[in-house]
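What follows draws every value from the coordinates through simple rules; no lab data is involved. Nothing here was measured: the structure is a model prediction, and the numbers come from that model. Cβ atoms come from the backbone with ideal geometry, glycine included; neighbour counts cover every protein chain shown.
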Amino acid sequence: MKESLRKDSAGLLAVAMLCAALIVLLMGPGLRAEPASTSGVPLDQFITEVQKSYHDVQAIRADFTQTYDSGGGSRVESGTVVFARGGRMRWDYREPEKKVFLSNKKEVLLYLPEQSQLNRSSVKESEDYRVPFRLLLSRVDLRKVFSRFEDVNGQFKHPAEDRVIMAYPRHAEKIGYKHVVLEFDPQMDIRRLVITYSDNSVMKFVFSHIARNPRLTASMFELTPPPGTQVINHE
């Protein structure tokens, strides 16, 4: 039972970290791009413009739908996510089961209220999972994370004004996923993220109601479970 919970926790950590890493990676210096068609912009220039568009971004809030396809089965979950600089993030799952995944830079937590259970890992331990947590803690050029990019607009159905690219990670055999598909809207926000893992399972995220620099409180990156909650510390 504990091993099963550990695997479930690790899987959620890996997915959440990659998604947050990709978004936080884009929070580099530069100017916010004006909404415009990017279909004719050379790919390398587009990657540069994406990173430049997040000059004043300190945090992002969005609604999300997450779909996991594996072995002929599919699981769909949804909720709200907040990413903030300094390695902080919070995923509030509402459907079909309520749960909270939280990182406050010192530790990562997975709270399952229906099971009255809290899984806790240190940031250092979390670096052992398939997706390196260190990407959340620093500004890294996307070209240092991915070996190459491709335009794949024609391979996916999407709004005409959006742009879809595929990114291939460096050392894919070590980090556990083959490639990532990112769909950007004209404001350079990530509308969709598709992760294909080494075992050919696929994790898809669709983001909506994206807000930059929402008003946040420090308490939202803290979690104190109610009395009687089982706390599992993963070492």
(request) List the residues whose amide H sits under 5 Å from the amide H of ARG191, counting only those 5 or more places along or on another chain, with H placed 1.01 Å from N in the peptide plane. (result) GLU183, PHE184, ASP185
(request) Could you list which residues have their amide H under 5 Å from that of GLN58, counting only those 5 or more apart in sequence or on another chain, with H placed in the peptide plane? (result) ASN213
(request) Assuming R0 = 35 Å, can you tell me the calculated FRET efficiency for the pair ARG75 and GLN45, based on Cβ-Cβ distance, to the nearest 0.05? (result) 0.40
(request) Could you pull out the pairs from LYS105/LYS144; LYS106/LYS204; LYS178/LYS204; LYS98/LYS144; LYS144/LYS174 whose alpha carbons sit more than 24 Å apart here? (result) LYS106/LYS204; LYS98/LYS144
(message) Once R0 is set to 25 Å, what does the formula 1/(1 + (r/R0)^6) return for the Cβ-Cβ distance between SER122 and ARG170, expressed as a FRET efficiency to the nearest 0.05?
(response) 0.45
(request) For SER201 and GLU114, compute 0.36 nm times the residue count separating them, minus their Cα-Cα distance, and round to one decimal in nm. (result) 28.6 nm
(request) Give me the net charge of ASN153's neighbourhood, meaning all other residues with Cβ under 9 Å from the Cβ of ASN153; Lys, Arg count +1, Asp, Glu -1. (result) -1
(message) Is there a quick way to get the dipole size of segment 160-235? I mean about its Cα centre, with the Cβ of Lys and Arg at +1 and of Asp and Glu at -1; what is the value in debye to the nearest 20?
(response) 120 debye
(request) Sort the following peptides by mean Cβ neighbour count (other Cβ atoms within 10 Å, averaged over residues), highest first: 212-222, 104-114. (result) 104-114, 212-222
(request) Please give, to one decimal in nm, the separation of the simple spin-label points placed at ASN213 and LYS98, each 7 Å out from Cα toward the Cβ. (result) 3.3 nm
(message) Ranking request for peptides 174-182, 70-78, 82-90: highest mean number of other beta-carbon atoms within 10 Å first, then the rest in descending order.
(response) 82-90, 174-182, 70-78
